[in-house]
Amino acid sequence: MKNVLHIISSARGSLSHSKGLSSAIVKKLMDKNDIKTVVEKDLTKEFPPFIDPELIGEFYKHPDSILEDGKQLFTYANTIFNEINDADIIVIGTPMHNLGISAPLKAWIDQLIRFGITYRYDSDGVRTGVFKGKKVYLAIASGGKLSDWPNQNEYIESYIKTVFNAYMGISDIYTFRVESTANTNLKIDYQTFIHNI
Ligand SMILES: Cc1cc2nc3c(=O)[nH]c(=O)nc-3n(C[C@H](O)[C@H](O)[C@H](O)COP(=O)(O)O)c2cc1C
């Protein structure tokens, strides 16, 4: 039985297509009867704090050298680390905003990824992410279509795959897209986008 963490990062609530698609993914996983718990975290109801000079100062210290005052700054970072640690499957919904991920999702990632905590270097300088065996389903909603852009302008899937693999050790990542949401006549059945789950 698996634990699911569902990250929502569009502020549009029930109108959000990335939330609709990611929720359909969660439901489909639950229908398979292999899910023990689902933790839903809407980053737009409780915005991740932006990293500031104090936190940045502590972030890049070796974990063993961080003093008590510094540790107080890690409350949010530790909470979301534990949420990821407890999850077997992470379902992430993001709108495409100016070709990239949403700002709350970026702020969450900036709090999550930490030297010595989510990735380490061995004595040969080789970097390894600490998480093993986790799976990510990424649900992207965009007003237009990816195919309208040259391949090199894909910044969401490529970014999430690179950063999760390099700094967390998570490489089992599957992407689903709902596109052309700017077309308000569009009737969207999210199930049709996730038939291969
Ligand atoms: C600030 C902002 C920037 C956007 N940038 C893009 C974009 O670069 N490309 C695109 O196709 N759609 C863009 N859109 C449209 C959204 O991707 C679209 O509305 C999508 O459905 C948002 O996801 P949501 O429904 O989960 O909120 C943008 C929308 C907003 C509000």
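Computed values, structure above
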item: Positions within segment 116-170 being polar (S, T, N, Q) and in contact with a Leu (Cβ under 8 Å, 6 or more places away or on another chain), in sequence order; result: T118, N153
item: Qualifying residue in segment 88-95 (condition: of a type outside the set (G, A, S), away from the ligand (no atom under 16 Å from the Cβ), touching a residue at least 24 places away in the same chain (Cβ under 8 Å) and touching a Gly at 6+ places or on another chain (Cβ under 6 Å)); result: no
item: Residue that is farthest from the ligand (Cβ to nearest atom) [pool: residues in segment 119-133 that are open to solvent by 20 Å² or more (accessible area, probe 1.4 Å) and in a loop (DSSP other than H, G, I, E, B)]; result: S123
item: Residue ranges of helices (runs of 4 or more DSSP H) in segment 40-118 with at least 1 members under 24 Å from H6 (Cβ atoms); result: 75-86, 103-112
item: Whichever residue in segment 134-148 is within 13 Å of the ligand (Cβ to nearest atom) and outside any helix (DSSP H, G or I) and, among such residues, is nearest to I109 (Cα to Cα); result: L138
item: Top-ranked residue of segment 1-38 - restricted to ones that are of a type in the set (D, E, K, R) and part of a loop (DSSP other than H, G, I, E, B), ranked as nearest to the ligand (Cβ to nearest atom); result: R12
item: Total residues in segment 58-69, condition more than 17 Å from T118 (Cα to Cα) and open to solvent by less than 40 Å² (accessible area, probe 1.4 Å); result: 0
item: Subset of segment 149-195 (residues that are outside any strand (DSSP E or B), of a type in the set (F, W, Y) and surrounded by 14 or more Cβ atoms within 10 Å (Cβ to Cβ)); result: Y155, Y159, F164, Y167, Y190, F193
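For every residue, the table says whether it meets (1) open to solvent by less than 100 Å² (accessible area, probe 1.4 Å); (2) over 22 Å from L186 (Cβ atoms); (3) charged (D, E, K, R).
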{"site": "L5", "(1), (2), (3)": "yes, yes, no"}
{"site": "S10", "(1), (2), (3)": "yes, no, no"}
{"site": "G13", "(1), (2), (3)": "yes, no, no"}
{"site": "K19", "(1), (2), (3)": "yes, no, yes"}
{"site": "S22", "(1), (2), (3)": "yes, no, no"}
{"site": "M30", "(1), (2), (3)": "yes, yes, no"}
{"site": "I35", "(1), (2), (3)": "yes, yes, no"}
{"site": "L43", "(1), (2), (3)": "yes, yes, no"}
{"site": "F47", "(1), (2), (3)": "no, yes, no"}
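The values are calculated or read from the model by the stated rules, or taken from the named source; none is laboratory data. Since this is a predicted model, take the numbers as computed values, not measurements. Every residue, glycine among them, receives a Cβ derived from its backbone with ideal geometry; neighbour counts consider all protein chains shown. To get the accessible areas, we keep the full protein, side chains included, count just its heavy atoms, and leave off ligands, DNA and RNA. Shrake-Rupley method; radii C 1.70, N 1.55, O 1.52, S 1.80 Å.
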